[in-house]
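Peer 1: Please find one structure pasted underneath; my questions will follow.
FYI, it's all coordinate maths here, none of it is from the lab. Just so it is clear, the structure is predicted and the values come from calculations on it, not from any experiment. Ideal geometry is used to build each Cβ from the backbone, glycine not excepted, and the neighbour counts take in all protein chains shown.
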Amino acid sequence: MPDTPNVPEFPLIAPLGLGGWLVRFGDRPDDAANRAALSFRAAIDAANWKEVAETATALASVFVSFDPMVTAADALRHKLAMLLAERDWMGQGLPAGRRRWTIPCAFGGASGPALTDVAQQVGLSADEAITALTQTPVRVLTLGFAPGQPYLGTLPPEWDIPRQKTLTPMVPAGALVVAVRQLIVFTASTPTGWQHIGQTSFGCFRPDSDSAFPLRAGDEVVYRAVSATDLPPFGGDGGAICEDLP
Amino acid sequence: MTPALKLIAVGPHVTVQDTGRLRTLAFGLSRGGAADRYALAEGAALLGQAADLAVLELAGMGGTFMARGAFCVALTGAVMSAEIDGTPVLWNACHMLQDGQTLCIGPARHGSYGYLSVGGGFLTPTLLGARSMNPVAGVGTPLEAGDCLPVGGGGRSGLRLEPVARFGSGTLRVLPGPQTDLFTKDMLSRFSETTFRRDPRSNRQGARLAQDSDGFSAKGGLSVLSDIIVPGDIQITGDGTPFVLMPDGWRLSAARVGFAMRSCAGRTGRTHRRIALPVCGPG
């Protein structure tokens, strides 16, 4: 007998372990689902429910953790379902309290060996690609894989380029890489299948600083093209400017 | 003099651990903490102190340690041999270490992670709200011979306990997770009937489950959207291998078949059979 997996309808609330609920707004990278996740998490945090231990967002979901020894899972699930029903979360704008980061970046050459190849795939010259990337504000969709490491987007459809089939053995901390309509600034040097197009000096994780995680999910990021020689030494803000968004 | 424990010789994966940190998951840093929470609680029970104090986690290998000042120690978790100044002492028990005495701990005989708890806990620096180290993520630097860890002091000695049984072969109970429905019923039933071995290629990020049959795969497979993960998540990687996520696990773009009810602290090579047990219905 054929056995077809269920097709989920979003949003849905699914258990994640004994002490967590995962509220999912989609199963594909989708800007509206990401905005919904950011807004829904902000609403939970604003409600300040005493039974919630921690909240976090991924690309299209919100994780809500609780202590299963103290809180009845079903009661919290009911509260989440009620909050979900209050609004059309997929149609929401972005929550308040976001910041805009302007981060200096050296594009191309030794600072971004894949730039020319990427520009060709997108159908632009290298200079046009730099212009496009520095004029398109992107949002921190989520932080993860390494501490404080942002997944930024969503770039226009022409930037839906695949990850490389073979890994680049090592790109440095602060490297700007692109694939699948997203950008990443790497927290630490790492092998990657993403395309290395630029270099920043922005430290995404500063464990010894008062602001260990400078970026928050929902923050806006704009790149400012600089020459490699104008890039400050790696670490801290790396020449970045942070402003509160209205 | 503040009491301290000096590391004379240690293996490569010795870390300070506690119950981990809250409110960093949103920034991409997993909670961390001791891989074997029972061992943390057992050490605290022996010493008569709170179960969130920092301990030393010994991954597979033991080490040699020297006391600066007198304090009590408890030895729990994966069973290792232990001697104080050459005299064998019991595991799952607490002992007095006098100033200058040497505690020598051998490699794990049963289980993977052994624990050395001290009276008052280790008073190493707090990092982002906890003392747990995660050197892979850049939280704390790996410990090495010559390091001296400050000790709170106090505690008690001369007690032993019968540990919660957890290091042999057995059945792991599995809860459905957010992506269990991505697997066909046939795939899930084959999964639940498979006998796995904890692969030696396991660490604080994930415990790799080895088996002799074909791998497992979800509909959608590799293109599953990266999501929040928690320790206990069972992920299936692109080559069909299940991993049980451990405390330092991070987000992978891998489908999750379910959630293991208990951390996979079993000894390398022991087998784990798993049975799906739908406690919570899918949302």
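Peer 1: Just grab the label-to-label distance for A:Q120 and B:A145, each label 7 Å out from Cα along the Cβ direction, in nm (one decimal).
Peer 2: 5.3
Peer 1: Report, ordered by chain and residue number, the lysines lying within cross-link reach of A:K79, taken as a straight Cα distance under 29 Å and ignoring same-chain residues fewer than 8 apart.
Peer 2: A:K50
Peer 1: Which whole-number percent gives the relative contact order of chain B, counting Cα pairs below 8 Å spaced six or more residues apart?
Peer 2: 21
Peer 1: Quantify how strongly other chains surround peptide A:139-147 by giving the mean number of their Cβ atoms within 10 Å of each of its Cβ atoms.
Peer 2: Average per residue, whole number: 6.
Peer 1: Per residue of A:206-217, how many C-beta atoms from partner chains lie within 10 Å of its own C-beta, taken as a mean?
Peer 2: For peptide A:206-217, the averaged partner shielding equals 3.
Peer 1: Under Stokes-Einstein, with the Kirkwood radius over Cα pairs standing in for Rh, what whole-number D in µm²/s applies to the range B:4-150 at 20 °C and 1.002 mPa s?
Peer 2: In µm²/s, the coefficient rounds to 143.
Peer 1: Additional query: Hey, what angle do you get for helix B:37-47 against the long axis of chain B, alpha-carbon based, 0 to 90 degrees rounded to 10?
Peer 2: Once rounded, the angle reads 20 degrees.
Peer 1: A further question on this structure: Using 0.36 nm times the number of residues separating A:K165 and A:D74, minus their current alpha carbon distance, what extension gain do you get?
Peer 2: My answer for the length gained is 28.4 nm.
Peer 1: Which semi-axes, in whole Å and largest first, does the equivalent ellipsoid of the protein assembly as shown have when worked out from the alpha carbon gyration tensor as the square roots of 5 times its eigenvalues?
Peer 2: 41, 29, 22
Peer 1: Relative to the longest principal axis of the C-alpha atoms of chain A, give the angle of the C-alpha long axis of helix A:73-86, reported between 0 and 90° and rounded to the nearest 10°.
Peer 2: Approximately 70 degrees, to the nearest ten.
Peer 1: How many Cβ atoms of partner chains, on average, are near each residue of A:55-67 if near means within 10 Å of its Cβ?
Peer 2: Per residue, the number of nearby Cβ atoms from other chains is 4 on average.
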